[in-house]
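A short write-up of the structure that comes next.
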Amino acid sequence: MLAVASFVRDGRWQLPLAAMEAAVTPATRVLVFCHPHNPFGRVWSRDELKQVVDFCRRHDLVLCSDEIHCDLILDDARHVPTVTVDEAAKERTITLMAPSKTFNLPGLQFAYAVIPDADLRRRFRDAGGGLFEHDLPGVFGIAATEAAYRDGGPWRQALLEYLRGNRDMIERFVADELPGFGTTHVEATYLAWLDARCCLPREPYRLFLEAGVALSEGSHFGAPGYVRLNFGCPRSVLQKALERMAAAVR
C-alpha cells in the first residue's frame, strides 16, 4: 500500500514516480493513468505527462490514459491530452473518453477509445474478442453524445461555474468547521478528497454514514482514513451534508 499523504508537496498532489518505479515487475505491461486525476482532482501539466510517457517508454508499457473528466477543469489550466506530448506517446497511448461525467449520460452507456497507432489499435480490438463488433452503443447514446458535444458548450460553462462554487464552499467549510481535517485544492472533477485521519481509530466512512452522509471509503483507494466527497449536487444538499459531517465530528 502506498503512503498516499507523502505525495503532497506545497499543497498539491505530485506524481508518485519513485513508487511507480518500485512497482514495476517483469510482468507489468500496462500503466493505467488518470488525467485529470480521480480522486485527487489534479490536472497534470505537460511536463508531468512527459515524465509519465518517458516512464512507459523505459519500461515498454502501454499507457492507458483515462481522460473522462477532461471537460471538467475548474481552474484556468488547460487539459493536455496525454497522446499529444510527443511521438512516443502516439505509439503507446490508449485514450479513454466518454460524455457521461460531464453531461450526466452514464445510463446511455456510450464511451470510446482513441488509439492513433494502427498496431496498438489492432491489439486493443483483438483483446476485446469481438466486443467492439457486436456490442455497439445504442442510437440514443450516439445521438445524445453528438448533441452534447455539438450544442452543450453553454450548459457546460454554467455547470463549471456552479461546481466552482461548490468546491469553494467545501474548502472554506473544511478550514473553518472541520478541525484536524485536510484537503487540497480541487483543480478538476466534482470530487473532493478529504484527509479525515484525525477521526481514527474510528473509520471516517462509517462515522459519516451513521450521520446520513454516504461518501466513498478511502480504503477502496488504498488510503484508510480518507474519504471522497462528490459535490456534483445542489448547493443546499451539499450544505446539509457538510453540516452533518461537522456535527458527527463534534
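Yes/no matrix, rows are residues, columns are (1) among the small types (Gly, Ala, Ser); (2) under 19 Å from the mean Cα position of the chain (by Cα); (3) assigned to a helix (DSSP H, G or I):
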| position | (1), (2), (3) |
| --- | --- |
| 110 | no, yes, no |
| 120 | no, no, yes |
| 137 | no, no, no |
| 140 | no, no, yes |
| 155 | no, no, yes |
| 162 | no, yes, yes |
| 172 | no, no, yes |
| 175 | yes, no, yes |
**Prompt:** Across segment 179-236, what is the number of residues that are crowded, with 20+ Cβ neighbours inside 10 Å and in a strand (DSSP E or B)?
**Reply:** 11
**Matching residues in segment 218-250 - criterion: being among the charged types (D, E, K, R) and either touching a Cys at 6+ places or on another chain (Cβ under 7 Å) or modelled with pLDDT under 95 (or both)** = 250
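If a residue has to be touching a strand residue (DSSP E or B) at 6+ places or on another chain (Cβ under 9 Å) and within 16 Å of residue 170 (Cβ to Cβ) to count, how many in segment 219-248 make the cut? Step through it out loud before you land on a result.
Let us first name the residues in segment 219-248 that are touching a strand residue (DSSP E or B) at 6+ places or on another chain (Cβ under 9 Å), namely 219-221, 223-232, 238, 241-242, 245.
Then keep just the ones that are within 16 Å of residue 170 (Cβ to Cβ); that gives 226-232, 238, 241-242, 245.
Within segment 219-248, residues that are touching a strand residue (DSSP E or B) at 6+ places or on another chain (Cβ under 9 Å) and within 16 Å of residue 170 (Cβ to Cβ) number 11.
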**Any pair with Cβ under 8 angstrom, 6 or more apart, that starts in segment 33-44 at a residue that is among the basic types (Lys, Arg) and ends at one that is modelled with pLDDT of 95 or more** = 42/36; 42/187; 42/188
**Item:** Selected residue (only one of 150, 156 is in contact (Cβ under 8 Å) with a residue 60 or more places away in the chain and on the phi < 0 side of the Ramachandran plot)
**Value:** 156
**Fill in**
Per the list (1) under 18 Å from the mean Cα position of the chain (by Cα); (2) at pLDDT below 95; (3) more than 27 Å from residue 227 (Cβ to Cβ), residue check on residue 184 breaks on (3)
**Message:** On the basis of being out of contact with any Gly (no Cβ under 9 Å at 6 or more places or on another chain) and in the same structural domain as residue 29 (by TED's automatic domain parsing), does residue 99 make the cut?
**Reply:** no
**Message:** Which numbered condition in (1) surrounded by 13 or more Cβ atoms within 10 Å (Cβ to Cβ); (2) among the basic types (Lys, Arg); (3) at pLDDT below 95 is the only one that residue 122 fails?
**Reply:** (1)
**Prompt:** Which residues, counting only those in segment 55-97, are farther than 21 Å from residue 192 by Cα and assigned to a loop (DSSP other than H, G, I, E, B)?
**Reply:** 60, 61, 80, 81, 85, 86
**Message:** I want to confirm something. Restricting to segment 12-54 and keeping residues that are part of a loop (DSSP other than H, G, I, E, B) and of a type in the set (Val, Ile, Thr), which single residue is surrounded by the most Cβ atoms within 10 Å (Cβ to Cβ)?
**Reply:** 43
**Prompt:** Would segment 170-177 turn up any residue that is loosely packed, with under 13 Cβ neighbours inside 10 Å, basic (Lys, Arg) and outside the structural domain of residue 43 (by TED's automatic domain parsing)?
**Reply:** yes
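Yes or no, residue by residue, for (1) out of contact with any Ser or Thr (no Cβ under 6 Å at 6 or more places or on another chain); (2) at pLDDT below 95; (3) not assigned by TED's automatic domain parsing to the domain that holds residue 18:
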residue: 43; (1), (2), (3): yes, no, no
residue: 49; (1), (2), (3): no, no, no
residue: 53; (1), (2), (3): yes, no, no
residue: 67; (1), (2), (3): no, no, no
residue: 73; (1), (2), (3): yes, no, no
residue: 76; (1), (2), (3): yes, yes, no
residue: 85; (1), (2), (3): yes, no, no
residue: 92; (1), (2), (3): yes, no, no
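The values are calculated or read from the model by the stated rules, or taken from the named source; none is laboratory data. Being a predicted model, the structure only gives us computed values, none of them experimental. Because the Cβ atoms are built from the backbone with ideal geometry, glycine has one as well, and the counts that use them run over all protein chains shown.
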